[in-house]
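Structure first, then comments.
The values are calculated or read from the model by the stated rules, or taken from the named source; none is laboratory data. Worth saying up front: this structure is predicted, and the values here are computed from it rather than measured. Glycine gets a Cβ as well: all are built from the backbone with ideal geometry, and neighbour counts include every protein chain shown.
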């Protein structure tokens, strides 16, 4: 008996919310937008907009006609590419798949408007009134922020120090009798303007591994390096990073091997 009750409860949970709305609105069948995100990141990947049928049954399938409009349709792709979709017989929802295109342009946020059309098989919107849940707007949030490539090309002095722990105040340069200075130049072939190469200046000791790649992530304002051995001494684990375009300055911080918290500030000369 317990198993029978459990099966009944499970079946109840599988009933579409659209069917309960169908009952709520007096058994009048209608089509609506069941679910859509308010916003998604440009780099978030594919998302779905769910269209629903409010009906007691669906023996033959129902076709929904819709439009998808935007000021910049090049910012996303849609599947199905045509402007209609069918909720198959026996089912109560169907998904439109939208895939934001992650470009390298600083082109701002863009809205996508999904609207159900009156030419669909059934009335649209809650209770078929064409008012609520007829339209959804999804904002694609741009993940590319303004970035001045020229601000970071040049020669840099290196300010480095342990910031706390037993080595607080210790600098590798004086401790090893070395001097550090580096050159930052654009990464050949980079089209984004946010990738650079670090090399040690002639006549100075090695601080970074020559050819270390420096990547700027402009929206979060973060910086990463792809080779983290510092001064042939230990590996830096970057826990925080930032950059300052106005002063052409880059900051990296985190534990240096097992020797304690460490900070590097690169400032263009």
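Points worth noting:
- Some residue of region 226-236 being more than 28 Å from residue 259 (Cα to Cα) and not in a loop (DSSP other than H, G, I, E, B): no
- Within region 57-82, the set of residues being in contact (Cβ under 8 Å) with a residue 24 or more places away in the chain, surrounded by 12 or more Cβ atoms within 10 Å (Cβ to Cβ) and more than 17 Å from residue 138 (Cα to Cα) comprises 58, 61, 62, 63, 64, 65.
- Candidates 194, 237: the one that is under 31 Å from the mean Cα position of the chain (by Cα), surrounded by 15 or more Cβ atoms within 10 Å (Cβ to Cβ) and not assigned by TED's automatic domain parsing to the domain that holds residue 75 is 194.
- Residue ID - surrounded by the fewest Cβ atoms within 10 Å (Cβ to Cβ), chosen from residues in region 211-225 that are assigned to a loop (DSSP other than H, G, I, E, B) and touching a residue at least 12 places away in the same chain (Cβ under 8 Å): 211
- Filtered residue count, region 110-123, keeping only those that are farther than 17 Å from residue 38 by Cβ and outside any loop (DSSP other than H, G, I, E, B): 1
- Condition met for residue 256 (over 22 Å from residue 155 (Cα atoms), at pLDDT 95 or above and crowded, with 17+ Cβ neighbours inside 10 Å): yes
- Which numbered condition residue 150 misses (of (1) surrounded by fewer than 20 Cβ atoms within 10 Å (Cβ to Cβ); (2) not in a helix (DSSP H, G or I)): (2)
- One residue from 76, 104 being out of contact with any helix residue (DSSP H, G or I) (no Cβ under 6 Å at 6 or more places or on another chain), at pLDDT below 95 and under 26 Å from residue 217 (Cβ atoms): 104
- Taken across region 107-118, residues that are surrounded by fewer than 17 Cβ atoms within 10 Å (Cβ to Cβ), modelled with pLDDT of 95 or more and more than 33 Å from the chain's Cα centre (by Cα) do occur, with at least one present.
- Subset of region 252-269 (residues that are closer than 17 Å to residue 169 by Cα and in a strand (DSSP E or B)): 252, 253, 254, 255, 256, 261, 262, 263, 264, 265
- Between 127, 89, the distinction of being touching a strand residue (DSSP E or B) at 6+ places or on another chain (Cβ under 9 Å), surrounded by 15 or more Cβ atoms within 10 Å (Cβ to Cβ) and over 23 Å from residue 47 (Cα atoms) belongs to 127 only.
- Qualifying residue in region 188-209 (condition: in contact (Cβ under 8 Å) with a residue 60 or more places away in the chain, under 22 Å from residue 256 (Cβ atoms) and in contact with a strand residue (DSSP E or B) (Cβ under 7 Å, 6 or more places away or on another chain)): no
- Filtered residues of region 166-178 (kept if in a loop (DSSP other than H, G, I, E, B) and surrounded by fewer than 14 Cβ atoms within 10 Å (Cβ to Cβ)): 166, 168, 169, 177
- Residues located in region 164-187, provided they are in contact with a helix residue (DSSP H, G or I) (Cβ under 8 Å, 6 or more places away or on another chain) and free of Cβ contacts under 8 Å to residues at least 60 places away in the same chain: 178, 179, 180, 186
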